[in-house]
Amino acid sequence: MQNRFGVLDQADAALVDECAAAGIAFMPFFALGGSHAPVAGEGLERVARRHGATVFQVAIAWGLARSPAIVQIPGTSSLAHLEENMAAADLALDQADLTLLRPA
């Protein structure tokens, strides 16, 4: 399944949960806000500061924490960008982080 979904657009949360229950991979597009930097909300920025990470890294980590069905495929334009994206997998978001990242 592929659909728009990410920390800034969680409208299809129920669909992600259905995919997980059925064992279907969910590949979100624009998970990081598309071709433009995400308009990071206060929660996203706070979590990024807390972890010494970028908002993009937190967005990737959030998707990985959100559901085992989510397959993150962030774009990359350089080796440094690839390394930054890969480092997101090492971010351990806790319940306080996830609460800050819930839609208002």
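Quick notes on this structure:
- Region 1-20 residues that are more than 24 Å from GLU45 (Cα to Cα) and polar (S, T, N, Q), paired with ones that are open to solvent by less than 90 Å² (accessible area, probe 1.4 Å) and assigned to a strand (DSSP E or B) (beta carbon under 7 Å, 6 or more apart): GLN2/MET27; GLN2/PHE29; ASN3/PRO28
- The residues of region 58-89 that are in contact with a His (Cβ under 9 Å, 6 or more places away or on another chain) and at pLDDT below 90, listed by number, are PRO74, GLY75.
- Only residues that are surrounded by 11 or more Cβ atoms within 10 Å (Cβ to Cβ) and either part of a helix (DSSP H, G or I) or within 10 Å of the chain's Cα centre (by Cα) (or both) were counted in region 74-95, giving 9.
- Every residue from region 4-49 that is at pLDDT 95 or above, surrounded by fewer than 20 Cβ atoms within 10 Å (Cβ to Cβ) and among the β-branched types (Val, Ile, Thr): ILE24
- On inspection, ALA53 fails the criterion of being in a helix (DSSP H, G or I) and of a type outside the set (Phe, Trp, Tyr).
The values are calculated or read from the model by the stated rules, or taken from the named source; none is laboratory data. Only a predicted model underlies this, so the values are computations on that prediction, with no experimental measurement involved. Heads up, the Cβs are rebuilt from the backbone with ideal geometry, glycines too, and the neighbour counts pull from every protein chain shown. The accessibility values were calculated without ligands, DNA or RNA, using every heavy atom of the protein model including side chains. Shrake-Rupley method; radii C 1.70, N 1.55, O 1.52, S 1.80 Å.
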